[in-house]
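Engineer: A single structure is presented below for examination.
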Amino acid sequence: MATKTVKCPNCSAENTGLENYCRNCGSLLTNAYENQQMQRSGSGSGQVPGADKKVVAGICGILLGGLGIHKFILGYTNEGVIMLVVQIVGWFLCGIPSLVISVIGLIEGIMYLTKSDEEFVQTYVVGRKPWF
């Protein structure tokens, strides 16, 4: 049985499918491997692994963007805390920081929903792009 190789989403180094992290840069490979398996098979449930968070994160970004809930859903804890703190502090500063952070959440929610499942997973799950 041949060992399947997986390209790292960050550095493009070749890794075996048995590893969870890239030997070269240390990036997580599990989602990349699952994504490649789904693309090779061309079948399955028809949904790219990780795309199940897209709709929930997008709607939360649009409705509750200033609270950073969409960031927590995607696993971006630090960014979620930043948004939450800015939102709360903004309430005491005439609401301007809260308005700005809410607009950022709205834009991110729309961006999540307008991307295809594959783009969403590649950008926000595999690529771990935390802002815009």
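The values are calculated or read from the model by the stated rules, or taken from the named source; none is laboratory data. Note that the coordinates shown come from a computational prediction; the quantities given were computed from them, not determined experimentally. Here Cβ is always computed from backbone atoms with ideal geometry, including for glycine, and neighbour counts include all displayed protein chains.
Engineer: Among the helices (runs of 4 or more DSSP H) lying completely within segment 52-125, list those that include at least 2 residues that are outside the structural domain of residue 9 (by TED's automatic domain parsing) and more than 22 Å from residue 9 (Cα to Cα). Don't jump to the end; show me each part of the working.
Structural biologist: Numbers: elements: 52-64, 69-73, 77-91, 96-114, 117-120.
Here the list reads 52-64, 69-73, 77-91, 96-114.
Engineer: Right, here's the next one. Scan segment 62-102 residue by residue and report those that are surrounded by fewer than 17 Cβ atoms within 10 Å (Cβ to Cβ) and of a type in the set (Gly, Ala, Ser).
Structural biologist: 75, 95
Engineer: Consider only pairs whose beta carbons are under 6 Å apart and that are at least six residues apart or on different chains; among these, list those whose first residue lies in segment 105-132 and is touching a residue at least 40 places away in the same chain (Cβ under 8 Å) and over 11 Å from residue 61 (Cβ atoms) and whose second residue is hydrophobic (A, V, I, L, M, F, W, C) and part of a helix (DSSP H, G or I).
Structural biologist: What qualifies is 126/32.
Engineer: Here is a further query. Does residue 105 count as surrounded by 14 or more Cβ atoms within 10 Å (Cβ to Cβ), of a type outside the set (Val, Ile, Thr) and in contact with a Phe, Trp or Tyr (Cβ under 7 Å, 6 or more places away or on another chain)?
Structural biologist: Details: surrounded by 14 or more Cβ atoms within 10 Å (Cβ to Cβ): yes; of a type outside the set (Val, Ile, Thr): yes; in contact with a Phe, Trp or Tyr (Cβ under 7 Å, 6 or more places away or on another chain): no.
No, not satisfied.
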